[in-house]
Structure formats: structure tokens, C-alpha cells
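Below is one structure, written out as C-alpha cells; comments come after it.
The values are calculated or read from the model by the stated rules, or taken from the named source; none is laboratory data. Here the structure is a predicted model, which means the values were calculated and not measured. Cβ atoms come from the backbone with ideal geometry, glycine included; neighbour counts cover every protein chain shown.
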Amino acid sequence: MSNPSSTPKAPNQTPGETTIPQASASTEAKPSYVKLAMRNMVSKGGKSLTHFFLTTFGLLAVLIGLAFLTR
């Protein structure tokens, strides 16, 4: 009886070799989160830029406020 903890190998496969299933090779890869975020920003137009600049201004205001409070 063989070792039950070992994984079954395909015929003519060396231990360091891996196989790629045929189903995943034919399917199209999902777009990355960065691509989806960029596409979303382009579709929303100026709203995303407005939120970006408001967030930047708010973060700077908080950091400058903390710098004055802690000096």
C-alpha cells in the first residue's frame, strides 16, 4: 500500500513540475482592482477628483492642526 498522505501525480510528471488545468487556461482573467478603480474614476468624471482633493485638503488640515497642538 502506498503512502496515503502523498498527492497523486500525473503520469510522466517530475516532483517539481506542476500542471495547469485546461479550464483556467481558456477563461479570461479578471481585471485588476487598479484597472476597475481607474475605469470607475473615468466614468464618474469630476466627482472623483473633487473627492480626492477634499480628502487631501482634509488630511493636510488634520496634520497641520495636530502639529500646532503638539508643539
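Some notes on this structure:
- Region 16-33, residues that are at pLDDT below 90 and either surrounded by 10 or more Cβ atoms within 10 Å (Cβ to Cβ) or part of a helix (DSSP H, G or I) (or both): 22, 23, 24, 25, 26, 31
- Residue within region 50-71 that is at pLDDT 90 or above and outside any helix (DSSP H, G or I) present: yes
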